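The values are calculated or read from the model by the stated rules, or taken from the named source; none is laboratory data. Worth saying up front: this structure is predicted, and the values here are computed from it rather than measured. Virtual Cβ from ideal backbone geometry, glycine too; neighbours counted across all protein chains shown.
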Ligand SMILES: [Zn+2]
Ligand SMILES: [Zn+2]
Ligand SMILES: [Zn+2]
Ligand SMILES: [Zn+2]
């Protein structure tokens with residue numbers, strides 16, 4: 001899915017618009033022959049349903065897609081876009097190619113991970129912070145870990161059974177070898193020599 005056109009400052013060249021979603025190209029790819037460009041997600045989804053270019057119906061498959069020319073990428077990266085979190089109060093307008101970096105640290109991001117200040121050790125999305133309850137979180141952590149511990153105990157029990165079985169088999173084999181040696185010293189010696 002491309003970027004919503006309303007988020008951009010100034011004119012956006014028509015060549016930078018995805019014909020499928022009508023947004024500004026996101027991770028653009030172009031069709032080999034006709035050179036029409038689309039968002040990666042848009043064209044991938046489209047081609048999964050029909051093997052044609054959405055603009056001119058030329059036959060194409062995902063194998064015909066290639067990256068767009070550098071000039072197009074440069075034009076895209078210079079566009080100025082409002083932060084995803086504008087509706088939460090971020091007023092920043094930045095170059096498209098620095099958007100991803102900013103989103104990682106935008107303090108208006110409602111999902112920005114915050115470490116709990118009360119010391120429980122959890123990192124919580126900002127919008128869940130006010131409902132965060134250390135005791136409740138820790139209790140559910142203990143619960144899941146107890147479950148895991150229980151599963152591990154069962155697993156260890158199973159493995160001990162297998163080990164005991166193997167030990168028993170080994171003992172039987174040793175007994176058998178001993179019996180062989182006693183009843184037929186010549187054969188057993190030659191077996192021993194071969195080993
Ligand atoms: Zn698109
Ligand atoms: Zn085309
Ligand atoms: Zn922001
Ligand atoms: Zn906490």
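A few remarks follow.
- Residue in region 37-52 that is buried (at least 16 other Cβ atoms within 10 Å of the Cβ) and part of a loop (DSSP other than H, G, I, E, B) present: no
- Answer residue from region 114-126, given it is within 19 Å of residue 90 (Cβ to Cβ) and either more than 15 Å from ligand 3 (Cβ to nearest atom) or in the same structural domain as residue 84 (by the TED database) (or both) and is surrounded by the most Cβ atoms within 10 Å (Cβ to Cβ) among those: 114
- Any hit, region 90-112, residues being out of contact with any strand residue (DSSP E or B) (no Cβ under 6 Å at 6 or more places or on another chain), surrounded by fewer than 16 Cβ atoms within 10 Å (Cβ to Cβ), in contact (Cβ under 8 Å) with a residue 24 or more places away in the chain and in a loop (DSSP other than H, G, I, E, B): yes
- Residue 168 falls short of the stated requirement of being surrounded by 13 or more Cβ atoms within 10 Å (Cβ to Cβ), more than 16 Å from ligand 4 (Cβ to nearest atom) and over 30 Å from residue 4 (Cβ atoms).
- Looking at 82, 86, just one residue is under 25 Å from residue 106 (Cα atoms), in contact with a strand residue (DSSP E or B) (Cβ under 6 Å, 6 or more places away or on another chain) and more than 15 Å from ligand 1 (Cβ to nearest atom), and that residue is 82.
- Residues of region 34-59 that turn out to be farther than 28 Å from residue 82 by Cα and in contact with a helix residue (DSSP H, G or I) (Cβ under 7 Å, 6 or more places away or on another chain), as a count: 2
- Where residue 71 falls short, out of the listed (1) closer than 22 Å to residue 14 by Cα; (2) within 16 Å of ligand 4 (Cβ to nearest atom): (2)
- The set of residues in region 1-36 that are in contact with a strand residue (DSSP E or B) (Cβ under 9 Å, 6 or more places away or on another chain), within 21 Å of residue 78 (Cβ to Cβ), more than 9 Å from ligand 1 (Cβ to nearest atom) and in a loop (DSSP other than H, G, I, E, B) comprises 4, 10, 12, 27.
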